[in-house]
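Read through the structure below, which is laid out as structure tokens, and then see the notes.
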Amino acid sequence: MPVGTARTCMNGLNALSGVGLLTVPYALSEGGWVSLALLAAVAAACWYTGILLCRCMDADDAIRTYPDIGERAFGRTGRLLVSAFTYVELYLVATGFLILEGDNLDKLFPGARVTLGTVSLAGKRLFVVLVALVVAPTTWLRSLGVLAYVSATGVFASVVIVLSVLWAAAVDGVGFSGRGTTTPLRIAGLPTALGLYIFCYGGHPMFPTLYASMKRKSQFPKMLVICFLLCTLNYGAMAVLGYLMYGDGVLSQVTLNLPSARLSSKVAIYTTLLNPVTKYALVVTPIAAAVEERIRGAAGKGARAVSVAVRTLLVLSTVAVALALPFFADLMALVGSMLNVAVCMLLPCACYVRIFGAPSMSSVEAVATGGILVLGSLVAVTGTYYSLMKIIHELV
């Protein structure tokens, strides 16, 4: 594989390697063993829609980004639709980062409490606020080169987490005796499982950029196959491993089940904590930039102060949401069902059909695209409904 293609492949792996890795054992417990086939089906569908996005780019040399594809297909409305889904997805992922950090830090340091006058914060809420204080200054940076470099260790971190969990099971005494369901398929849990599986493959906003950066664009489909295959093997291994260890008792993040006194558990948890801290600014910066672009004319000479204010308020708003909805798995299932389904499945198919026209599609393309649209629509409706109901139930 040429060096440039290998570099793009690594960037693709980083785009697909995220905190979804921690939720796949829980997703398996929700959907049953047969749902692993759906993980593979989701991976195949998302790979195909990634190819469709790049075919859309070939239709016009002026297309460089995902919103450009939306505009080429549906005009200004298409650009706004793609941008809106992408920004809301990024916002909720950033919120999920804070929830994840709070959950895992609370496991490492149980009983932590800070009191300032009449205000007292403890446990997960305390750590959500502390992490926000740490990441807020990173969002003020104009150049995120260092953070991008650190967060690019996502592939390495994912492998380390899987190996640490395996070590905890095989060496540190956790074992593989978790009691799970004997039912191969849990229909009631499928919407949640599918939402979490789709959340794992939310790298589509990055694909047009990766495609545009390649000198040998004919290698992109092959590169994307490698990325999806390796990530699916990693996700599948973690799902099976975590479920065999803890069965139906597996929590929304498998790291929360690990015995905190063991070295392997500390390695897994600290590695888990690193990526969200480094990626938070990278995730919220596109949202902040869009807001700043809107108010740039009104800012005048105070543009820098406005930028800091916008980004600080953005961090504060994610803290408020994280404190109000501290349900990591349910929130990420909602992101997967409502937003990732649209960004990764429905919109690529719709844009492709709009740009090239249904008559120009082969029978295989028509069946594949139609099947993905049907599957995506079902997941969007049922997954969003069940995720919202679970969140509302937790609040009540």
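The values are calculated or read from the model by the stated rules, or taken from the named source; none is laboratory data. Just so it is clear, the model here is predicted, and its values are computed rather than measured. All Cβ positions, even for glycine, are placed from backbone atoms using ideal geometry, and neighbour counts span all protein chains on display. When the accessible area is computed, the model is the full protein with side chains, heavy atoms only, and any ligands, DNA or RNA have been set aside. Shrake-Rupley method; radii C 1.70, N 1.55, O 1.52, S 1.80 Å.
Okay, here's what the table says:
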{"read-out": "Local net charge near G195, Cβ-Cβ under 11 Å (Lys/Arg +1, Asp/Glu -1)", "value": "-1"}
{"read-out": "Residues S317 and L141, FRET efficiency given R0 of 22 Å [Cβ-Cβ distance, rounded to 0.05]", "value": "0.70"}
{"read-out": "Listed residue (G370, V396, S307) projecting farthest to the positive dipole end of region 285-396, Cβ model", "value": "S307"}
{"read-out": "Around L126: net Lys/Arg minus Asp/Glu count, Cβ-Cβ under 10 Å", "value": "+2"}
{"read-out": "Phi-based couplings in Hz for region 195-210 (Karplus 6.51, -1.76, 1.60; Gly and Pro marked x)", "value": "x, 5, 5, 5, 4, 5, 10, x, x, 4, x, 7, 4, x, 5, 5"}
{"read-out": "Largest-first ordering by accessible area, 1.4 Å probe, given options M223, M338", "value": "M338, M223"}
{"read-out": "Electrostatic dipole magnitude of the chain [Cβ: Lys, Arg +1; Asp, Glu -1; Cα centre; debye, to 20]", "value": "780"}
{"read-out": "Taking the chain and dividing mean pair separation by its residue count, relative contact order in percent (alpha carbons under 8 Å, at least six apart)", "value": "34"}
{"read-out": "Trypsin sites (Lys or Arg not before Pro) within region 20-110, DSSP loop, no more than 16 other Cβ atoms inside 10 Å", "value": "R64"}
{"read-out": "Average accessible surface area per residue within the chain, 1.4 Å rolling probe, Å²", "value": "44"}
{"read-out": "Pairwise centroid distance, computed over Cα atoms, of region 371-396 with region 8-23, Å", "value": "24"}
{"read-out": "Region 69-150: chymotrypsin sites (Phe, Trp or Tyr not before Pro) in DSSP coil with no more than 10 other Cβ atoms inside 10 Å", "value": "none"}
{"read-out": "Protein accessible area in the chain, 1.4 Å probe - carbon and sulfur %", "value": "69"}
{"read-out": "Cβ-defined net charge surrounding T255, 13 Å radius [Lys, Arg +1; Asp, Glu -1]", "value": "0"}
{"read-out": "Residue-span extension gain [A40 to A303] - 0.36 nm each, minus C-alpha spacing", "value": "90.0 nm"}
{"read-out": "Lysine pairs with alpha-carbon atoms under 30 Å apart, the chain, spacing 8 or more or separate chains", "value": "13"}
